[in-house]
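No lab work stands behind these numbers, since they all come straight from the coordinates. All values reported here derive from a predicted model rather than from experimental measurement. Heads up, the Cβs are rebuilt from the backbone with ideal geometry, glycines too, and the neighbour counts pull from every protein chain shown.
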Amino acid sequence: MRVPFQLLLAAIFAAILTGCGFQLRGTLSGNLPYKTMLIALPDTADVRIWLERYINAAGSTEIVDDPKLAEATFQQISDSRVKTILSVNAQGRVREYRLQLNYRFRVVNAKGQVLVPPNEVSLTRDITFDDSNVLAKDLEESLLWRDMNNDLVNQIMRRLSIIKPKNPDLEEDK
C-alpha cells in the first residue's frame, strides 16, 4: 500500500502549521473579560443581532436582559451612516459614491461607571454608479452596507477582547 506523494506532502504541511501555532482568525479568539453582558440596543438592531451571535459563539460571556445581572453593559453612543457624491462625469451625472459608517460605543458597569472608554469605528467604501443599472447598483450598495456592518461588529469584538477594562472602584479611591 503506497501513500500518494501529494497526501504525504499535505500531512507534513498541516503538521508544520499546527506546530508553529497557526490559528485561523475567528470569533472564538475573542473571549471577553466579562461573565455577563447586556447589549443596550433594540432587539431588531443589526449590531445587536450580530454582537449576540459573535458573543454566543465565543462562549465565555452570557448575554442577559436584566441590567442588574449584567457585569458590563454595551452602549451605543452614536451611529451615523452617510452616502456622499465622490465624483461626477462631464454631463454632471454621478459616477461614484462614498459610503461612510461612523460608530461610537462604550462599556459601563451596573453602577454606570465606564469600564471601556468611548471607542470609534470608522469604515468607508467607494461604489461606482451607473444610471442605466440602477437596480443592480442599489443591490450592490445594500450588500456593501451589510459588509460594513459585519466588519463593524468584527472590529467591536476585537476591541472588546483586547482592551483591558479598567476597574472604576480602584480609580475612585485615589
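Calculate for the chain the 222 nm mean residue ellipticity that helices alone would give, adding -39,500 (n - 2.57) per DSSP H run of length 4 or more and normalising by residue count, nearest 500 deg cm²/dmol. Don't jump to the answer; show the numbers that get you there.
Details: 4 runs with 63 residues, N = 174.
Estimated from H runs of four or more residues: -12000 deg cm²/dmol.
With all projection directions averaged, the alpha carbon convex hull of the range 85-128 covers 3.8 nm². Projecting the Cα atoms of PRO117, ALA14, GLN91 onto the charge dipole of the chain (Cβ charges, centred on the Cα centre) puts ALA14 farthest toward the positive pole. Can you say what percent of the DSSP beta bridges in the chain, counting only those with both residues inside, are antiparallel? Round to 5. In the chain, DSSP labels about 80 percent of beta bridges as antiparallel. Start at zero, step by 5 Å, and the Cα-Cα distances of the chain spread as 1, 7, 13, 15, 13, 10, 9, 9, 8, 7, 4, 2, 1, 0, 0 percent across the bins. How large is the Kirkwood hydrodynamic radius of the range 32-118, in angstrom, based on all distinct alpha carbon pairs? The answer is 15.1 Å. Using C-alpha pairs under 8 Å with a sequence gap of at least 6, the mean separation divided by the residue count of the range 21-167 gives a relative contact order of 22 percent. The LEU135 and ALA90 beta-carbon pair, evaluated with R₀ = 25 Å, returns a calculated FRET efficiency of approximately 0.50. Once the chain from ALA110 to ASP46 is taken as fully extended at 0.36 nm per residue, the excess over their C-alpha distance is 20.6 nm.
Taking the chain as the region of interest, the number of lysine pairs whose Cα atoms are within less than 25 Å, with members eight or more places apart or on different chains, is 13.
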